[in-house]
Amino acid sequence: MGLNLEEKKAVVAEVSAQVAGAQAIVVAEYRGLEVGNITTLRANARKEGVYLRVLKNTLVRRAVAGTPFEGLQGQMVGPLIYGISKDPVAAAKVLHEFAKSNDKLVIKGGAMPNYVMDVNGVKALATMPSREELLSKLLGTMQAPIAQFVRTLNEVPTKFVRGLAAVRDQKQAA
């Protein structure tokens with residue numbers, strides 16, 4: 001059963017709101033995918049903070065018109081599922097991980113603001129570390145010199161104490 005005009009306007013408004021705050025959109029064809037698998041995919045997406053929805057392409061075209069994702073309109077052909085996320089890597093990771101285990105989900109492409117990606121671009125984005133991983137690596141890199149400096153400073157009194165202990169042991173032995 002089709003949507004009436006008011007329902008279509010509501011869907012376009014909802015998708016437009018998601019696109020306004022998005023950093024990435026990934027599109028994939030889901031032809032032949034079973035309902036149980038789509039439910040699993042949606043649960044994974046929800047857990048990662050990805051807005052995942054099967055939408056009519058014409059409604060999404062209207063929602064992305066005039067946004068930095070407008071270039072994605074050329075990839076909107078066929079039955080598609082849309083993954084929209086505020087984290088630039090999350091949508092690509094969720095769909096790529098699911099596509100590895102289920103060959104019926106075929107990633108068609110994606111977009112970041114003012115940049116349209118092909119399938120290989122989405123795969124490259126999916127293999128990048130997440131924002132949290134990158135921040136933790138940066139923090140570890142920043143902490144390494146400080147930790148080494150503290151260990152070096154700690155070594156001076158440690159050597160002094162070892163020297164005193166050696167002198168004490170020598171006097172006791174004599």
Within region 29-40, does at least one residue satisfy the condition of being within 22 Å of the chain's Cα centre (by Cα), within 16 Å of Met112 (Cα to Cα) and among the charged types (D, E, K, R)? no
Could we say that Pro79 is under 18 Å from Ala92 (Cβ atoms) and either surrounded by fewer than 16 Cβ atoms within 10 Å (Cβ to Cβ) or in the same structural domain as Ser101 (by TED's automatic domain parsing) (or both) here? no
Out of all the residues in region 3-15, which are small (Gly, Ala, Ser) and either touching a Leu at 6+ places or on another chain (Cβ under 9 Å) or buried (at least 17 other Cβ atoms within 10 Å of the Cβ) (or both)? Ala10
For region 125-141, give me each residue that is under 21 Å from Gly83 (Cβ atoms) and of a type in the set (Val, Ile, Thr). Thr127
Subset of region 118-174, residues of a type in the set (Ser, Thr, Tyr), modelled with pLDDT of 85 or more and under 30 Å from Val77 (Cα atoms), comes to Thr127
Residues of region 90-103 being assigned to a loop (DSSP other than H, G, I, E, B) and surrounded by 13 or more Cβ atoms within 10 Å (Cβ to Cβ), in sequence order, are Asn102
From the list Ala22, Ala45, Ala17, which one is touching a Gly at 6+ places or on another chain (Cβ under 8 Å) and closer than 19 Å to Asp87 by Cα? Ala45
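The values are calculated or read from the model by the stated rules, or taken from the named source; none is laboratory data. All of these numbers come straight from a predicted model, not from anything done at the bench. Neighbour counts are summed over all protein chains in view; Cβ atoms, including those assigned to glycine, are modelled from backbone coordinates with ideal geometry.
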